[in-house]
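Everything below concerns the one structure shown next.
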């Protein structure tokens with residue numbers, strides 16, 4: 001376990017929801033996620049988001065606390081109004097292109113809201129640090145963020161975002177890529193920097209995020225970072241996997257998209273195309289960080 005200065009002020013948070021809570025809480029995934037970080041965390045917390053049988057899920061969450069795998073758990077919906085108020089976000093603002101980004105956003109927003117450590121390390125539960133990875137990336141990244149305020153977040157290399165390292169790199173050194181962009185799959189941040197009214201800006205670069213996720217947390221942070229020329233550092237020698245994590249009975253279903261779902265996706269895609277055209281051709285927005293791109297998205 002790491003004992004370097006500052007390690008005790010790093011909080012670990014992850015999430016689960018209706019589709020994957022069994023994989024997270026019935027298997028040993030949660031403890032494996034934490035163990036592979038090889039860090040003495042200030043706290044280890046699970047955010048439970050959008051589950052049907054709350055009592056059943058809570059039994060397993062309590063068992064994880066009793067086993068000292070985690071220190072606490074929270075149901076996001078119990079605190080949704082307080083969380084949205086704390087970050088000046090309106091509930092309806094998650095709707096975009098016929099999709100709702102609310103449920104995608106409440107995991108990381110709840111983690112920030114409840115985090116007591118000076119730094120927050122957040123993983124979506126479908127991500128996992130590779131076995132045997134060095135924990136040095138965590139403390140090294142903290143030290144870099146302390147020295148350079150333009151560095152906003154840090155993460156290892158995800159197995160499905162390697163293209164961002166190649167295409168979005170501003171510069172690099174022996175240990176890190178210095179990039180544009182943001183991913184909510186895994187991020188390390190100084191907790192206080194995620195507070196304030198930073199979730200209500202628009203930047204054209206955020207149009208690269210999936211249509212089906214609405215105006216989600218990940219997209220908002222990306223806009224804020226782009227507008228303020230903030231950087232993400234990606235550790236070169238540490239990787240994490242990102243898999244489709246579903247409870248076993250759901251894994252077996254994998255139904256084909258319905259006609260209604262296909263129609264919604266088509267409508268969302270055309271809605272985005274129209275919005276992008278208006279933003280670029282009429283409002284003069286640019287995908288480049290140092291060009292005009294600022295718009296407040298809420299009233």
**Prompt:** Failed condition for residue 227, given (1) at pLDDT 95 or above; (2) under 29 Å from residue 146 (Cβ atoms), with all others met?
**Reply:** (1)
**Request:** Identify the residue in the stretch 50-74 that is farther than 20 Å from residue 33 by Cα and outside any helix (DSSP H, G or I) and, among all such residues, is nearest to the chain's Cα centre (by Cα).
**Result:** 50
**Request:** May I ask you to list the residues in the stretch 183-209 that are out of contact with any helix residue (DSSP H, G or I) (no Cβ under 9 Å at 6 or more places or on another chain) and farther than 19 Å from residue 142 by Cβ?
**Result:** 196, 197
**Request:** Read through the list (1) free of Cβ contacts under 8 Å to residues at least 60 places away in the same chain; (2) farther than 25 Å from residue 51 by Cα; (3) in a helix (DSSP H, G or I), then give the number of the only condition that residue 149 fails.
**Result:** (3)
**Item:** Top-ranked residue of the stretch 4-16 - restricted to ones that are in contact with a helix residue (DSSP H, G or I) (Cβ under 7 Å, 6 or more places away or on another chain) and at pLDDT 95 or above, ranked as surrounded by the most Cβ atoms within 10 Å (Cβ to Cβ)
**Value:** 16
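Determine which member of the set 128, 106 is modelled with pLDDT of 95 or more and either touching a strand residue (DSSP E or B) at 6+ places or on another chain (Cβ under 9 Å) or within 22 Å of residue 39 (Cα to Cα) (or both). Quick ask: steps written out before the conclusion?
Numbers: 128 fails: modelled with pLDDT of 95 or more.
Going through 128, 106 in turn, the sole match is 106.
Any idea which of 112, 89 is under 16 Å from residue 220 (Cα atoms) and either free of Cβ contacts under 8 Å to residues at least 40 places away in the same chain or not in a loop (DSSP other than H, G, I, E, B) (or both)?
Details: 89 fails: either free of Cβ contacts under 8 Å to residues at least 40 places away in the same chain or not in a loop (DSSP other than H, G, I, E, B) (or both).
One residue alone meets the criteria, 112.
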**Complete:** Over the stretch 28-41, the set of residues surrounded by fewer than 21 Cβ atoms within 10 Å (Cβ to Cβ) and either under 17 Å from residue 114 (Cβ atoms) or without any contact (Cβ under 8 Å) to a residue 40 or more places away in the chain (or both) is 28, 31, 34, 35, 40
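Being under 23 Å from residue 156 (Cβ atoms), over 19 Å from the mean Cα position of the chain (by Cα) and modelled with pLDDT of 95 or more: is that true of residue 176 here? Don't jump to the end; show me each part of the working.
Working: under 23 Å from residue 156 (Cβ atoms): yes; over 19 Å from the mean Cα position of the chain (by Cα): yes; modelled with pLDDT of 95 or more: yes.
When the stated conditions are applied, residue 176 passes them.
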**Prompt:** Can we say residue 138 is touching a strand residue (DSSP E or B) at 6+ places or on another chain (Cβ under 6 Å) and over 24 Å from residue 47 (Cα atoms)?
**Reply:** no
**Asked** What number of residues within the stretch 192-208 are under 30 Å from residue 133 (Cα atoms) and crowded, with 20+ Cβ neighbours inside 10 Å?
**Response** 1
**Message:** Considering only residues that are out of contact with any strand residue (DSSP E or B) (no Cβ under 7 Å at 6 or more places or on another chain), outside any helix (DSSP H, G or I) and either without any contact (Cβ under 8 Å) to a residue 40 or more places away in the chain or farther than 22 Å from residue 174 by Cα (or both), which ones fall in the stretch 209-242?
**Reply:** 209, 210, 216, 228, 229
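The values are calculated or read from the model by the stated rules, or taken from the named source; none is laboratory data. Since we're looking at a predicted model, the values are computed, not measured. Note that each Cβ is placed from the backbone with ideal geometry, even for glycine, and that neighbours are counted across all protein chains shown.
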